[in-house]
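I'd like to ask you about the structure that follows.
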Amino acid sequence: MAIQESYSVASNPVYHDQSPLHVLFAGESQTKPLHIVGPKIYDYYLLHYVESGKGMFRSEQHTYELGEGSCFLIHPGQLVSYASDAADPWRYRWTAFSGSEAEVLADSAGFTGDQSILYTSGSTLIPSSIQRIADAFYSKKESSDMAALGYLYLIFSEAREILTSEIRLTGTESQVQRTVKQMIHYMSAQYAHPVSIEQMCESLGYNRAYLSRIFKKETGMSPVTYLLKLRIDKSRQLLRERPELSIEQVAASVGMTDALYFSRQFKRLCGHSPSHYRTLVAASPSSLHDCLY
């Protein structure tokens with residue numbers, strides 16, 4: 001039997017340019033086989049929920065084969081494409097939102113970095129909430145904007161519960177702990193280069209606020225402090241073991257191209273200037289105390 005293609009969308013009758021969070025529209029579609037959207041970029045967040053059928057979603061980082069009960073969130077500025085299956089084309093609902101707090105909402109639910117996919121159970125309230133957003137917009141009431149926000153928060157409340165449960169302890173190690181280990185491995189391998197925390201976050205595919213938060217929770221210090229401590233520890237080793245190196249060469253060897261800044265940080269953390277530290281090591285290694293951190 002031929003698939004009956006359908007499409008409907010309802011736009012928010014109320015629009016506030018300065019609103020911190022605003023639902024733009026909601027809709028539903030039964031796609032035809034191999035129906036393709038993109039590759040393209042949106043300037044708003046767009047959440048799809050797959051009610052039936054199958055399809056493929058491609059982000060800039062990954063390709064996913066998705067089916068009934070799956071969600072995919074498109075982030076603004078991300079090049080994406082998605083296509084329905086040839087034999088079992090998907091039917092999905094969607095809703096779009098924007099505003100200065102839109103990223104905060106997505107991040108708080110767990111859609112951080114390259115996390116774009118959510119798998120729900122049969123009891124999910126997401127499709128009904130999207131339908132209610134559309135119904136509110138079809139009503140053309142002034143209150144529909146507020147009602148849509150309420151349903152959007154319900155959707156992301158459920159998303160947060162699912163995504164955070166996925167990163168809780170599985171066996172002996174959680175996803176958060178694995179991510180923090182990745183950060184530590186990255187810094188341990190790259191400390192000798194003038195890398196920044198921003199570069200690390202970009203390399204790992206997460207935003208800085210999220211990584212800083214989980215890193216501090218797991219280690220008790222920020223990534224910036226950890227990287228500085230790592231560099232100072234390595235510089236102490238060089239000062240002890242390589243007396244022929246100048247202070248500038250030691251600083252450069254631990255990824256700190258400004259020797260004056262290196263000396264200030266070394267003295268702040270160890271209580272001695274690098275040159276004084278080296279003198280003390282040469283005179284009496286056992287008399288030195290550890291650094292202050």
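The values are calculated or read from the model by the stated rules, or taken from the named source; none is laboratory data. Model, not experiment: these values are computed from the prediction. For neighbour counting, all protein chains shown are included, and Cβ atoms are generated from backbone atoms with ideal geometry for every residue, glycine included. Just the protein is used for accessible areas: all its heavy atoms, side chains included, with ligands, DNA and RNA removed. Shrake-Rupley method; radii C 1.70, N 1.55, O 1.52, S 1.80 Å.
So that you can scan it fast, the table gives a plain yes or no per residue for (1) in contact with a helix residue (DSSP H, G or I) (Cβ under 6 Å, 6 or more places away or on another chain); (2) in a helix (DSSP H, G or I):
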position: V195; (1), (2): no, no
position: Y206; (1), (2): no, no
position: R213; (1), (2): no, yes
position: T225; (1), (2): no, yes
position: S235; (1), (2): yes, yes
position: V250; (1), (2): yes, yes
position: Y261; (1), (2): no, yes
position: R264; (1), (2): no, yes
position: R268; (1), (2): no, yes
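Continuing with the same structure: When you check S121 against the structure, is it more than 22 Å from E5 (Cβ to Cβ), at pLDDT below 90 and buried (at least 17 other Cβ atoms within 10 Å of the Cβ), yes or no?
It is false that S121 is more than 22 Å from E5 (Cβ to Cβ), at pLDDT below 90 and buried (at least 17 other Cβ atoms within 10 Å of the Cβ).
Name, by its number, the condition in (1) surrounded by fewer than 16 Cβ atoms within 10 Å (Cβ to Cβ); (2) assigned to a loop (DSSP other than H, G, I, E, B); (3) without any contact (Cβ under 8 Å) to a residue 12 or more places away in the chain that does not hold for P243.
(3)
In the stretch 85-118, which residue that is touching a residue at least 60 places away in the same chain (Cβ under 8 Å) and of a type in the set (V, I, T) is surrounded by the most Cβ atoms within 10 Å (Cβ to Cβ)?
T95
Are there any pairs, at least 6 apart or on different chains, whose C-beta atoms fall under 7 Å, with the first in the stretch 193-204 and over 18 Å from S253 (Cβ atoms) and the second of a type in the set (F, W, Y) and open to solvent by 30 Å² or more (accessible area, probe 1.4 Å), and if so, which?
M200/Y186; S203/Y186; L204/Y186
With (1) open to solvent by 40 Å² or more (accessible area, probe 1.4 Å); (2) charged (D, E, K, R); (3) at pLDDT 85 or above as the list, and E158 as the residue in question, which single condition is left unmet?
Against the list (1) open to solvent by 40 Å² or more (accessible area, probe 1.4 Å); (2) charged (D, E, K, R); (3) at pLDDT 85 or above, E158 comes up short only on (1).
Pairs under 6 Å by beta carbon, first residue within 16 Å of L269 (Cα to Cα) in the stretch 206-233, partner basic (K, R) and open to solvent by 40 Å² or more (accessible area, probe 1.4 Å), six or more apart or different chains?
From the stretch 206-233, the pairs are S222/K216.
Determine whether the stretch 65-84 contains at least one residue that is open to solvent by 20 Å² or more (accessible area, probe 1.4 Å), part of a loop (DSSP other than H, G, I, E, B) and of a type in the set (A, V, I, L, M).
Within the stretch 65-84, none of the residues are open to solvent by 20 Å² or more (accessible area, probe 1.4 Å), part of a loop (DSSP other than H, G, I, E, B) and of a type in the set (A, V, I, L, M).
Return yes when P33 is open to solvent by 50 Å² or more (accessible area, probe 1.4 Å), within 24 Å of L79 (Cα to Cα) and assigned to a strand (DSSP E or B) and no when it is not.
Answer is no for this residue.
Conditions first: (1) in a loop (DSSP other than H, G, I, E, B); (2) modelled with pLDDT of 95 or more. Q18 passes all but one, so which condition is the exception?
In the conditions (1) in a loop (DSSP other than H, G, I, E, B); (2) modelled with pLDDT of 95 or more, Q18 misses (2) alone.
Does the stretch 9-29 include one or more residues that are open to solvent by 80 Å² or more (accessible area, probe 1.4 Å) and at positive phi?
So far as the stretch 9-29 goes, no, none of its residues is open to solvent by 80 Å² or more (accessible area, probe 1.4 Å) and at positive phi.
Another one. Within the stretch 124-148, track down each residue that is surrounded by fewer than 16 Cβ atoms within 10 Å (Cβ to Cβ), within 21 Å of P13 (Cα to Cα) and aliphatic (A, V, I, L, M).
Listed by number, the list holds a single entry, M146.
Specify the residue that is most open to solvent (accessible area, probe 1.4 Å); the eligible residues are those in the stretch 252-265 that are out of contact with any Leu (no Cβ under 9 Å at 6 or more places or on another chain) and among the small types (G, A, S).
Applying the filter and picking the extreme gives A252.
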